[in-house]
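Single-structure report; data block below.
The values are calculated or read from the model by the stated rules, or taken from the named source; none is laboratory data. If you're wondering where the values come from, they're calculated on a predicted model, not measured in any experiment. With ideal geometry, Cβ positions are generated from the backbone for all residues, glycine too; neighbour counts draw on all protein chains shown. Surface areas here come from the heavy atoms of the whole protein model, side chains and all, with no ligands, DNA or RNA. Shrake-Rupley method; radii C 1.70, N 1.55, O 1.52, S 1.80 Å.
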Amino acid sequence: GGAGTQTSALAFGGEDPSAATNAAESWNGTNWTTVSNLGTARQRLGGAGSDNTSALAFGGTPPTSAATEEWNTGVPIANVWQTGGNLNTGRNFLGGAGTQTAALAFGGNPDTAKTEKYNGTNWTEVNDLNTVRSYLAGCGTQTAALAIAGYEPPASAKTETWNGTNWTEVNDLNTARYLLAAAGTSTSALAFGGFAPPQTAVTESWNGTNWTEVNDLNTARH
């Protein structure tokens, strides 16, 4: 899972190298620093957050989880993950957007279109994605988000925008794929990497209307 910006980010959980890990690291724009571990080791989880001082980890596996953890470097205890409210639907390979106190979780495996929003305490189910899918990417805020690509099956190029109430299908990615990453806002985003198949280095830029292919990642990966 990940959260934050290019100069202030947090990476947490994942697979290391063949089992779920609870490791977490903070990025300051130059270096990665190990910080306190997640309470529960997990992979295939969702993430949201504004920077490396405030983040949210939710869902994941094994087993398929509804658990949520909150990272806050000041409250109530500095530099420790705190237990938050559980998702209503446990899942993995889901999309995420928003901040620690205003997050969005959508899609995921077992295959679902369900969307939930977090208010800092509890998750509430809201309107579904138009297309059931997992292994997707997400970015943006709780009131203006993107759900990008994923696995329907097969690999999907579909993009949907969230306006705080409903999802609307908009123009597709140029390259259908899943297990990709994304960053940015609902009107200015990047989607990169993934599995088409095979795994890809393709990067695309979103201007609020269309996706345009730009320079590839240096290393193809998913």
- Kindly indicate whether GLY39 is touching a Phe, Trp or Tyr at 6+ places or on another chain (Cβ under 7 Å), farther than 22 Å from PRO153 by Cα and open to solvent by 20 Å² or more (accessible area, probe 1.4 Å). yes
- Note on the structure: Scanning segment 15-35 residue by residue, the ones that are outside any strand (DSSP E or B), over 21 Å from TYR118 (Cβ atoms) and open to solvent by less than 70 Å² (accessible area, probe 1.4 Å) total 4
- Take ALA176 and decide whether it is modelled with pLDDT of 95 or more, crowded, with 16+ Cβ neighbours inside 10 Å and under 12 Å from GLY95 (Cβ atoms). no
- Do you know which of the residues in segment 71-101 that are in contact with a Ser or Thr (Cβ under 7 Å, 6 or more places away or on another chain) and either surrounded by fewer than 19 Cβ atoms within 10 Å (Cβ to Cβ) or basic (Lys, Arg) (or both) is nearest to SER54 (Cα to Cα)? THR73
- Can you tell me which of ALA220, ALA137, ALA149, ALA191 is closer than 25 Å to THR5 by Cβ, out of contact with any Gly (no Cβ under 8 Å at 6 or more places or on another chain), without any contact (Cβ under 8 Å) to a residue 60 or more places away in the chain and hydrophobic (A, V, I, L, M, F, W, C)? ALA191
- Could you run through segment 140-161 and say how many residues are open to solvent by 10 Å² or more (accessible area, probe 1.4 Å) and within 20 Å of GLN100 (Cα to Cα)? 5
- Does GLY74 qualify as being farther than 17 Å from THR124 by Cβ and part of a loop (DSSP other than H, G, I, E, B)? yes
- Give the residue, chosen from THR168, THR68, THR115, that is surrounded by fewer than 19 Cβ atoms within 10 Å (Cβ to Cβ) and either β-branched (Val, Ile, Thr) or within 18 Å of the chain's Cα centre (by Cα) (or both). THR168
